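Undergrad: The structure's right below; bear with me while I get my questions together.
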Amino acid sequence: MFRLSFAPTYCRLALLASIAAVLISAPALCQTAAPAAVPAAQELRVFDPSLVDKMVDPCQNFYRYSCNGWFKRNPLPADQTRYGRFTELYELNRLHLKAILEAAAVPAPGRSANEQKIGDEYASCMDTSAVDKLGLAPLQPELDRIAALKTTAELPALLAHLHSIGVNAFFGMGSNQDFADSSSVISFYDAGGLGLPERDYYTRTDAKSVEQRQQYVTHVSKIFMLAGEPEAQATKDAETVLAIETSLAKATLTITEQRDPQNLNHPTDIADLEKTLTHFSLAEYVAAAHAPTSGRANDMEPKFFAEFNTLVADTPIAQIKAYLRWHLLHAYAGTSLPESFDHENWYFYSHILNGAEKQQERWKLCTMRVDRELGEALGQVYVAKYFPPSAKQHALEMTLAIEQAMDKDIDGLDWMSAETKVKAKEKLHAVMNKIGYPDKWRDYSKLEIVRGDALGNQMRAREFEQARDLAKIGKPVDKGEWMMTPPTVNAYYDPQMNNVNFPAGYFQPPFFSDKEDDAANYGDMGSTIGHELTHGFDDEGRQYDKDGNLKNWWTKDDEQNFNQRAECMVKQYDAIEAVPGVHLNGKLTLGENLADLGGLWLAWEAWLDKAAAEHVDMAAKTDGYTPEQRFWIAYAQQWCTQTRPEQLRSQAEGDPHAPDEYRTNTVLQDLPEFAKSFSCKKTAAMVSAKPCRVW
Ligand SMILES: [Zn+2]
């Protein structure tokens with residue numbers, strides 16, 4: 001987990017860039033909310049013929065053909081920025097978690113230690129009158145610390161403390177596997193310190209981006225005013241925040257550059273890093289952070305740290321204090337501070353940036369918060385109730401079948417040499433499959449949760465997490481660790497661990513069902529399993545060897561062949577104009593697009609083999625569709641999604657995943673097997689004249 005501070009603090013669920021997940025990255029997930037009525041699990045189907053719109057020609061627009069029925073049934077609710085089938089299950093899961101948390105919140109004797117923690121944390125978060133009544137008081141000691149800063153010589157100790165309580169000021173520091181030696185956990189220093197979602201928000205010059213920056217300054221100044229600053233001072237301080245963050249942003253790699261691990265690999269040791277920071281004592285910082293004071297480290301973005309060093313020297317102390325104050329307030333503005341902060345936070349990040357029209361209900365925010373802070377305590381109860389061993393077994397069987405399909409696929413590649421094929425297979429056979437939940441649960445016994453102390457709980461939870469992360473440095477790698485909690489509706493591949501991870505929350509309708517046949521399950525969940533597996537071999541993942549070391553195992557020719565084929569997809573997605581004036585970024589989305597196409601192909605191959613072995617009658621129709629047609633429709637229906645234009649814009653600009661329509665149509669256009677199943681003519685919109693193909 002190496003993008004330490006990449007995730008904006010308003011949305012801690014944000015997926016770290018090092019792990020390649022199947023879904024749109026988290027801001028949208030964090031900001032979703034339920035429609036008026038959440039469908040019951042039994043109503044959700046993996047392949048749902050009632051959603052198909054027969055008025056649409058499947059060869060012209062397969063996404064519309066498969067999803068129009070769903071669109072008609074699911075208008076976008078006011079508190080949503082994006083609502084799709086993932087959200088359907090996500091909302092259902094939240095209801096399940098709410099029931100667990102409400103039961104645990106009753107202070108009955110006999111609650112287990114974990115139940116006490118999750119129940120009391122949920123109750124504290126829900127107690128808005130206590131939060132409102134306390135106001136800023138619980139944060140006052142922290143504000144006082146910042147106010148007491150006299151010179152930049154005192155900054156290292158203060159920053160170490162702020163980092164320990166989850167404040168994303170200036171940079172991030174944590175643990176991660178060494179790129180060169182994945183068996184070793186070392187210190188990682190990462191660029192950070194931004195309040196807008198990513199660096200390009202500070203550098204783009206189009207009218208919309210200029211306006212968003214003005215709105216950001218207004219937001220920051222409002223937060224300062226809520227904290228008691230007079231308006232003129234608040235405005236001045238907000239402008240300071242934007243100026244400091246703009247300097248940091250300009251020295252930060254773009255999100256596309258960050259996708260290449262070579263750009264983030266700058267091995268050093270703490271003593272050498274210290275020498276480069278002439279205006280900031282790293283020795284004092286690491287001592288105060290209780291982090292290793294010597295040893296191997298990775299300076300992920302040297303250009304950024306050089307800029308940070310200059311900024312510390314050149315910025316008046318009053319301005320640094322304003323910047324720190326903002327990041328402190330920002331880090332706690334969600335559910336821990338009074339409603340006025342919470343609302344202002346929602347207004348800028350969800351309404352202005354992503355178009356939500358209504359704030360989410362409190363219980364939803366509190367459920368997410370407990371999942372974030374105590375995810376494996378909550379997850380233990382969740383899997384016992386909602387993840388039967390049969391689902392785990394079924395998921396494992398599908399994963400093994402898809403891995404077998406990849407093995408066969410590698411044999412058949414005409415562009416790869418025998419030498420590289422041997423290495424590719426070694427890597428494939430070394431992939432570890434993690435399904436559902438951890439074998440060993442995280443121990444929260446040292447985390448104190450006090451009923452009625454929402455802010456204190458959040459602060460202690462963040463300190464606990466930071467200490468847990470730093471304690472890993474110098475210890476053997478724990479390959480059983482999970483970066484997603486069990487109820488999460490998502491999945492990821494970790495290139496340094498070389499493992500695929502499928503949380504329990506995902507293995508439910510509408511993505512997977514024991515009651516539906518293989519055509520449906522392979523088209524949907526199978527394509528996701530294939531997607532994660534293909535991440536091990538996408539433009540980023542392929543740079544790691546079977547043990548997770550950043551080490552080239554490709555011959556020159558094979559590398560060239562791969563890049564040539566990948567370039568076809570870069571051009572294909574670059575050409576898509578997702579919103580007027582904003583094209584998709586083919587390089588940024590390359591890894592996900594490769595995984596979508598490769599993953600679907602692997603699921604298709606695995607399913608065909610299984611169907612042949614089981615003598616499935618491929619001409620027999622169910623609900624009016626052949627098994628092949630149902631496979632493709634099930635694939636498409638997982639992506640049925642309504643998206644607000646603001647959200648679509650943010651996604652096109654900064655999400656490594658293409659919008660859902662293209663994850664359906666563009667992927668299928670590249671697969672002649674799809675066109676055959678629906679007898680599409682060569683000239684049809686759903687048939688690419690020059691299909692791209694890598695895996
Ligand atoms: Zn992915």
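The values are calculated or read from the model by the stated rules, or taken from the named source; none is laboratory data. Here the structure is a predicted model, which means the values were calculated and not measured. Using ideal geometry, Cβ is built from the backbone for each residue, glycine included, and neighbour counts are taken over all protein chains shown. Keep in mind that these areas ignore ligands, DNA and RNA; they rest on the heavy atoms of the full protein, side chains included. Shrake-Rupley method; radii C 1.70, N 1.55, O 1.52, S 1.80 Å.
Undergrad: Could you list, ordered by first residue, the pairs with Cβ atoms under 6 Å in which the first is in segment 346-366 and farther than 16 Å from A78 by Cβ and the second is in a helix (DSSP H, G or I), at least 6 apart or interchain?
TA: Here the result reads F348/H219; Y349/Y10; W363/K98; C366/Y122; C366/C125; C366/M126, each pair linking segment 346-366 to a residue that is in a helix (DSSP H, G or I).
Undergrad: For P476, indicate whether it is more than 30 Å from S66 (Cβ to Cβ) and within 16 Å of the ligand (Cβ to nearest atom).
TA: Numbers: more than 30 Å from S66 (Cβ to Cβ): yes; within 16 Å of the ligand (Cβ to nearest atom): no.
It is false that P476 is more than 30 Å from S66 (Cβ to Cβ) and within 16 Å of the ligand (Cβ to nearest atom).
Undergrad: From N309, N354, N345, N263, grab the single residue that is farther than 16 Å from S187 by Cα and at pLDDT below 95. Before you say what the answer is, go through the steps one by one.
TA: Numbers: N309 fails: at pLDDT below 95; N345 fails: at pLDDT below 95; N263 fails: at pLDDT below 95.
Going through N309, N354, N345, N263 in turn, just one is farther than 16 Å from S187 by Cα and at pLDDT below 95: N354.
Undergrad: Is there any pair with a first residue in segment 102-121 that is surrounded by 16 or more Cβ atoms within 10 Å (Cβ to Cβ) and a second that is polar (S, T, N, Q) and in a helix (DSSP H, G or I) whose Cβ atoms are under 6 Å apart and which are 6 or more apart or on different chains, and what are they?
TA: E121/N457
Undergrad: Just checking, does segment 523-546 include any residue being closer than 23 Å to I633 by Cα, more than 16 Å from the ligand (Cβ to nearest atom), in contact (Cβ under 8 Å) with a residue 40 or more places away in the chain and not basic (K, R)? Before you say what the answer is, go through the steps one by one.
TA: Kept after step one, since they are closer than 23 Å to I633 by Cα, are these residues of segment 523-546: 523-534.
Checking which are more than 16 Å from the ligand (Cβ to nearest atom) leaves us with 523.
Of the ones still in play, those that are also in contact (Cβ under 8 Å) with a residue 40 or more places away in the chain are 523.
Those left that are additionally not basic (K, R): 523.
Yes: one or more hits.
Undergrad: Further question: Going through A685, A689 one at a time, which residue ends up being modelled with pLDDT under 95, away from the ligand (no atom under 16 Å from the Cβ) and open to solvent by 10 Å² or more (accessible area, probe 1.4 Å)?
TA: Values: A685 fails: modelled with pLDDT under 95.
Only one candidate qualifies: A689.
Undergrad: Sticking with this one: Return yes when R462 is in a helix (DSSP H, G or I), surrounded by fewer than 23 Cβ atoms within 10 Å (Cβ to Cβ) and either more than 16 Å from the ligand (Cβ to nearest atom) or at pLDDT below 95 (or both) and no when it is not.
TA: Numbers: in a helix (DSSP H, G or I): yes; surrounded by fewer than 23 Cβ atoms within 10 Å (Cβ to Cβ): yes; either more than 16 Å from the ligand (Cβ to nearest atom) or at pLDDT below 95 (or both): yes.
Judged against the criteria, R462 is a match.
Undergrad: Within the set of pairs 6+ apart or on separate chains, which have a first residue in segment 281-310 that is under 22 Å from E463 (Cα atoms), a second that is among the small types (G, A, S) and surrounded by 18 or more Cβ atoms within 10 Å (Cβ to Cβ), and C-beta atoms under 7 Å apart?
TA: Listed by first residue and then by second, the contacts come to Y285/A160; A288/A160; A289/A160; A289/S164; A291/S187; P292/S187; A297/S187.
A quick yes/no check of all residues on (1) more than 25 Å from I165 (Cβ to Cβ); (2) open to solvent by less than 10 Å² (accessible area, probe 1.4 Å); (3) modelled with pLDDT under 95; (4) not in a helix (DSSP H, G or I):
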| site | (1), (2), (3), (4) |
| --- | --- |
| S247 | no, no, no, no |
| E257 | yes, no, no, no |
| T268 | yes, no, no, yes |
| L273 | no, yes, no, no |
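Undergrad: Which one is surrounded by the most Cβ atoms within 10 Å (Cβ to Cβ) among residues in segment 587-598 that are farther than 16 Å from P691 by Cβ, more than 8 Å from the ligand (Cβ to nearest atom) and not aliphatic (A, V, I, L, M)?
TA: Step by step, filter segment 587-598, then rank; the result is T589.
Undergrad: Mind checking which residues of segment 439-455 are small (G, A, S) and open to solvent by less than 10 Å² (accessible area, probe 1.4 Å)?
TA: Start the filter on segment 439-455 by keeping residues that are small (G, A, S), which leaves 445, 452, 454.
Correct list: A454 only.
Undergrad: Answer yes if at least one residue in segment 192-201 is closer than 30 Å to N499 by Cβ, open to solvent by less than 20 Å² (accessible area, probe 1.4 Å) and among the hydrophobic types (A, V, I, L, M, F, W, C), and no otherwise.
TA: Scanning segment 192-201 turns up no residue that is closer than 30 Å to N499 by Cβ, open to solvent by less than 20 Å² (accessible area, probe 1.4 Å) and among the hydrophobic types (A, V, I, L, M, F, W, C).
Undergrad: Wholly within segment 83-178, which helices (runs of 4 or more DSSP H) include no fewer than the required count, namely at least 3 residues that are farther than 30 Å from I473 by Cβ and within 23 Å of the chain's Cα centre (by Cα)?
TA: 85-104
Undergrad: Buried (at least 16 other Cβ atoms within 10 Å of the Cβ) and in contact with a Gly (Cβ under 6 Å, 6 or more places away or on another chain): is that true of L242 in this structure? Steps first, please.
TA: Numbers: buried (at least 16 other Cβ atoms within 10 Å of the Cβ): yes; in contact with a Gly (Cβ under 6 Å, 6 or more places away or on another chain): no.
Considered against the rule, which asks whether it is buried (at least 16 other Cβ atoms within 10 Å of the Cβ) and in contact with a Gly (Cβ under 6 Å, 6 or more places away or on another chain), L242 comes out as no.
Undergrad: Under 21 Å from the mean Cα position of the chain (by Cα), over 30 Å from M406 (Cβ atoms) and open to solvent by 40 Å² or more (accessible area, probe 1.4 Å): is that true of R468 in this structure?
TA: Working: under 21 Å from the mean Cα position of the chain (by Cα): yes; over 30 Å from M406 (Cβ atoms): yes; open to solvent by 40 Å² or more (accessible area, probe 1.4 Å): yes.
Answer is yes for this residue.
Undergrad: Within segment 404-438, which residues are among the small types (G, A, S), over 30 Å from E376 (Cα atoms) and either buried (at least 16 other Cβ atoms within 10 Å of the Cβ) or touching a Pro at 6+ places or on another chain (Cβ under 7 Å) (or both)?
TA: Within segment 404-438, the first condition is being among the small types (G, A, S), and the residues that meet it are 405, 412, 417-418, 424, 430, 436.
Pick out the ones that are also over 30 Å from E376 (Cα atoms) and you get 405, 412, 417-418, 424.
Residues satisfying the conditions are A405, A424.
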